[in-house]
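Reading through the structure tokens given below for one structure.
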Amino acid sequence: MKGQLLRLALAASLLCGAGAAPAPAPAMKLQLTQGGALLVGRLNLPRADEVTGVWSGQGRARLLRCAPRCVAVQTLPLDRTLQLGPDATYRIVLGGTFRAGQKVSLVLRLRHTPVLNITANVVR
């Protein structure tokens with residue numbers, strides 16, 4: 001799994017160097033939850049897209065739509081901006097063991113953009 005993540009990150013860096021304009025890395029954080037962490041922050045892209053997958057060193061994250069209940073979904077719509085957090089309609093949750101202060105690298109796969117690499121700090 002880690003090998004696949006590294007290959008995906010390498011492919012993204014090669015694509016960005018081949019003329020694709022990289023999106024600016026957003027300031028994100030991971031809020032500790034029971035059994036994992038919740039991604040908190042805002043994703044901004046120049047055009048509408050969809051998040052189709054999120055990976056970290058811990059594995060694949062769950063994409064959730066929480067209105068009125070949380071259910072797992074295959075994609076999250078991103079209409080230029082996607083707000084993520086405990087009160088947001090859409091959530092990205094990582095399972096595993098995290099500790100406050102840890103930095104976690106995430107790879108977000110989007111439908112129309114190759115990938116988006118971000119780093120999130122774990123907070124309580």
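Does the stretch 108-121 contain any residue that is free of Cβ contacts under 8 Å to residues at least 40 places away in the same chain and either within 11 Å of Lys29 (Cα to Cα) or aliphatic (A, V, I, L, M) (or both)? No: the stretch 108-121 contains no residue that is free of Cβ contacts under 8 Å to residues at least 40 places away in the same chain and either within 11 Å of Lys29 (Cα to Cα) or aliphatic (A, V, I, L, M) (or both). Note on the stretch 63-89: among residues that are assigned to a loop (DSSP other than H, G, I, E, B) and among the polar types (S, T, N, Q), the one that is surrounded by the fewest Cβ atoms within 10 Å (Cβ to Cβ) is Gln74. Scanning the stretch 111-121 for residues that are open to solvent by 10 Å² or more (accessible area, probe 1.4 Å) and among the aliphatic types (A, V, I, L, M) yields Val115, Leu116.
The values are calculated or read from the model by the stated rules, or taken from the named source; none is laboratory data. Note that the structure is a prediction, hence the values are computed from the model and not measured. Counting neighbours? That spans all protein chains shown, and the Cβs are built from the backbone with ideal geometry, glycine included. Note: areas computed on protein heavy atoms with side chains; ligands, DNA, RNA excluded. Shrake-Rupley method; radii C 1.70, N 1.55, O 1.52, S 1.80 Å.
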